[in-house]
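See below for the structure under consideration.
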Amino acid sequence: EGQRLDVRHDEYEERAVGGISLSPGGVRSGATVVLRRGLSVRGVVKDEEGRPLAGAEVELSSARTLRAGRGGVQMSFIGPGSQMRRETAADGRFEFRGLKAGDYTLTARRPGFSRATVDPVQVAEAHAAEPVELVLVPGATISGVLRDKAGAGASGWSVSARAASQAGGPAFGPGSIR
């Protein structure tokens, strides 16, 4: 009772059909699922001199927003199935297809470069989206060893770096370093 059928294809919006009842050993046939052709986001990743960057990882994510009581509390999170990844081709280009209309976040990264983010990327049915350009600039490396008070290596901690303008938010993981 209450089974759900999920149908996905790279070029189409995903679709879920719920309320399917199956009997043990039985066969359910004759199901028809109609998919709508999905929308797309395409673009290019370049370095600061305008040269295309091959092999950059590009991630597209959609935020899920929950609102509670008279517009008071609002929370956005990234959930399962809401992230897609691509690697740029030799000409720095990428494309995500099969999208639903909405706002997305697009992030590009490549070793040796800083991250670039465009938020929001608006995907709409009314018009074809212009290609998005992400520019990666050379990055810096922070390295070190995390030690406890006795000087021994500490394991199980999460260490992250962020711009000073992003400071003050909560850190996630078994511990935080400030």
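The values are calculated or read from the model by the stated rules, or taken from the named source; none is laboratory data. These figures come from a predicted structure and were not determined experimentally. Ideal geometry is used to build each Cβ from the backbone, glycine not excepted, and the neighbour counts take in all protein chains shown. Surface areas here come from the heavy atoms of the whole protein model, side chains and all, with no ligands, DNA or RNA. Shrake-Rupley method; radii C 1.70, N 1.55, O 1.52, S 1.80 Å.
Using a 1.4 Å probe and counting only protein heavy atoms, arrange Glu95, Glu59, Glu48 so the residue with the most accessible area comes first.
Ranked list, largest accessible area first: Glu48, Glu95, Glu59.
Please compute the net charge surrounding Val123, taking Lys and Arg as +1 and Asp and Glu as -1 over other residues with Cβ under 10 Å from its Cβ. Before the final figure, lay out each step's value.
Numbers: positive: Lys100; negative: Asp103, Glu125.
That works out to -1.
How do Ile20, Ile142 stack up against each other in accessible area, from largest to smallest, with a 1.4 angstrom probe? Write down the numbers at each step before the final one.
Numbers: Ile20 30, Ile142 150 Å².
Sorted descending by solvent-accessible area, the residues read Ile142, Ile20.
With every protein chain left in place, what is the accessible area of Thr88 in Å² (1.4 Å probe, nearest 10)?
Around 10 Å² of this residue is reachable by solvent.
Protein chains only, probe 1.4 Å: how do Leu22, Leu35, Leu134 rank by accessible area, largest first?
Numbers: Leu22 95, Leu35 45, Leu134 0 Å².
So the residues, ranked largest to smallest area, are Leu22, Leu35, Leu134.
Under the Karplus relation 6.51 cos²θ - 1.76 cosθ + 1.60, θ = phi - 60°, what is the ordered set of whole-Hz ³J(HN,Hα) values for the range 138-147, x standing for Gly and Pro?
x, x, 10, 10, 10, 9, x, 10, 8, 10
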